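K.L.:
One structure is given below, represented as structure tokens, and several questions about it will come after.
The values are calculated or read from the model by the stated rules, or taken from the named source; none is laboratory data. Keep in mind it's a predicted model, so treat the numbers as computed, not measured. Virtual Cβ from ideal backbone geometry, glycine too; neighbours counted across all protein chains shown. These accessible areas exclude ligands, DNA and RNA; they are computed on the full protein's heavy atoms, side chains included. Shrake-Rupley method; radii C 1.70, N 1.55, O 1.52, S 1.80 Å.
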Amino acid sequence: PARGARPAEPPGRRLEIVATRFSFSPREIRAAEGERLTLAIRSTDFMHGFAIPELKLRIDTQPGKTVELVLPALRAGRYACLCDNFCGEGHDQMVAMLLVGAATPGINSG
């Protein structure tokens, strides 16, 4: 490699999330503290938003397409993931939780 060049950081884990009125699947995402994640979010029916307000991250989805949201190395905690584009009567129930801790990373549907 060139002088002063650093090897690229590993891309981290890629997780698929499906947005459908009025839910995200999976509803619970688990990650280890310090882990880097890429969320691949696909909408089946509407231009949903996917926002993690505490991390100041958000992205819009488009029906039938996948968009990617790269998360930085995360601190331990619970982060609400919300649809922030009004999608109808059940919009306020469209929430997933990102749970970051020392436990083994994985995804649980719920």
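K.L.:
Are there any pairs with C-beta distances below 8 angstrom linking a residue in segment 74-88 that is in contact (Cβ under 8 Å) with a residue 12 or more places away in the chain to a residue that is of a type in the set (Ser, Thr, Tyr) and open to solvent by 40 Å² or more (accessible area, probe 1.4 Å), with the two at least 6 apart or on different chains, and if so which?
P.N.:
Pairs found: none.
K.L.:
Counting only residues that are at pLDDT below 90 and of a type outside the set (S, T, N, Q), which one in segment 99-110 is nearest to the chain's Cα centre (by Cα)?
P.N.:
By that ranking, first place goes to ILE107.
K.L.:
For segment 59-77, give me each residue that is buried (at least 18 other Cβ atoms within 10 Å of the Cβ) and not hydroxyl-bearing (Ser, Thr, Tyr).
P.N.:
Once the filter is applied, which keeps residues that are buried (at least 18 other Cβ atoms within 10 Å of the Cβ) and not hydroxyl-bearing (Ser, Thr, Tyr), segment 59-77 yields LEU69, LEU71, LEU74.
K.L.:
Right, something else. Restricting to segment 90-101, name every residue that is touching a residue at least 24 places away in the same chain (Cβ under 8 Å) and not in a strand (DSSP E or B).
P.N.:
GLY90, HIS91, GLN93, MET94 - these are the residues of segment 90-101 that are touching a residue at least 24 places away in the same chain (Cβ under 8 Å) and not in a strand (DSSP E or B).
K.L.:
Can you give me the number of residues within segment 59-69 that are part of a strand (DSSP E or B) and over 11 Å from the mean Cα position of the chain (by Cα)?
P.N.:
Residues that pass the stated criteria total 3.
K.L.:
Let me ask you something else. In segment 83-98, which residues are open to solvent by 20 Å² or more (accessible area, probe 1.4 Å) and modelled with pLDDT of 95 or more?
P.N.:
MET97
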